[in-house]
Each structure stands twice: as structure tokens, then as C-alpha cells.
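Here the structure comes first, spelled out in C-alpha cells, and everything after it is commentary.
The values are calculated or read from the model by the stated rules, or taken from the named source; none is laboratory data. Treat the numbers as computed from the prediction; the structure is a model and nothing was measured. For neighbour counting, all protein chains shown are included, and Cβ atoms are generated from backbone atoms with ideal geometry for every residue, glycine included.
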Amino acid sequence: MRKHDQKRKSGCPIAFGLDTFGDRWSLLVIREIMLRGKKTYSDFLEADERIASNILVDRLKHLEAEGILVKTRDPDNRRSFLYSLSDKGRDLAPILIEIIKWSGKHDERAFAMTDVLAEIETDEAGVVARMRGD
């Protein structure tokens, strides 16, 4: 049993999801990989939201421990690591799509992803497949 599982007080699937991937920074790391093709620590630091380095390290470790991310050595720079989504992480694509659609509907400031929203409207299955890397 993982340490994370020992802290859970209920068997609620929503609580499990939030504990696993549901904080702001974890979802933004997942977004950067799925939608923007980011792979490195420095790539994630360049995100518009400007995540602090200590928080980024914590979230990368957490997502790796939860089986959402896979960390491998960069073959071009042996001192660096590349992050990618595991199958479990790729399974979050439809959830991210729903968050994008919900936010696009309810946040008049959701201008940053209007191109993604338009693409979702015309080919949601294709967007999910692209995000999953299928």
C-alpha cells in the first residue's frame, strides 16, 4: 500500500482523482505534456503560469510516484531527464478535454485555448487521440 493510499479517508473516486492529479500544478504539467509537447524540467518552468521550481520538483515526483509520469534520461544530455505520460496519464486526456470545454463555456477570459476549443468542437475524438499520443 502506498503512503498516499494510507492517507485517504474514504473510497470516494473523486477524492482519489483529486489526490492523484487534481491540484492546479499537476494538471498544468499534464497539460504542458499533452497539448504543448513539453518534456523537460526547464520546459515546464517556461509555462505561462510560472510555477515555482520547488513546487515543480514536488509535482513531478508526485506524478511519477502515482504512475502518471514516466521519467527517463535524456539520450542527448545525460544530465537531464525527459518526462512523458504513462498509459495511466494518457487516460486523463478526456478529463482535460472536459475541463477545457467547461472552462471555455464559463470563463470569459478563456482566450488562451480558443484554437483547442474550436478543434474540440469539430473533432473531439481526434483531439483526444492526439493528446493520448495514439
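Listed values, structure above:
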quantity	calculated
Residues satisfying the stated conditions in segment 96-109, i.e. over 13 Å from R31 (Cα atoms) and either surrounded by 15 or more Cβ atoms within 10 Å (Cβ to Cβ) or within 18 Å of the chain's Cα centre (by Cα) (or both)	K101, W102, S103, G104
Where S42 falls short, out of the listed (1) in contact with a helix residue (DSSP H, G or I) (Cβ under 9 Å, 6 or more places away or on another chain); (2) surrounded by fewer than 18 Cβ atoms within 10 Å (Cβ to Cβ); (3) among the polar types (S, T, N, Q)	(1)
Among (1) surrounded by 11 or more Cβ atoms within 10 Å (Cβ to Cβ); (2) in a loop (DSSP other than H, G, I, E, B), the one test that R130 misses	(2)
Near pairs, Cβ below 7 angstrom, 6+ apart or cross-chain, from segment 86-103 (farther than 17 Å from G67 by Cα) to any residue that is of a type in the set (V, I, T) and surrounded by 14 or more Cβ atoms within 10 Å (Cβ to Cβ)	P94/V128; L96/I30; I97/I120; I97/V127; I97/V128; I100/V116; I100/I120; K101/I120
Flag for K71 being without any contact (Cβ under 8 Å) to a residue 40 or more places away in the chain and assigned to a helix (DSSP H, G or I)	no
Condition check for R50: among the basic types (K, R), closer than 17 Å to R24 by Cα and not in a helix (DSSP H, G or I)	yes
Qualifying residue in segment 31-47 (condition: among the β-branched types (V, I, T), part of a loop (DSSP other than H, G, I, E, B), closer than 26 Å to D134 by Cα and not assigned by TED's automatic domain parsing to the domain that holds V128)	yes
Exclusive hit being modelled with pLDDT of 90 or more, part of a helix (DSSP H, G or I) and touching a strand residue (DSSP E or B) at 6+ places or on another chain (Cβ under 6 Å), set L27, L63, L56, L82	L63
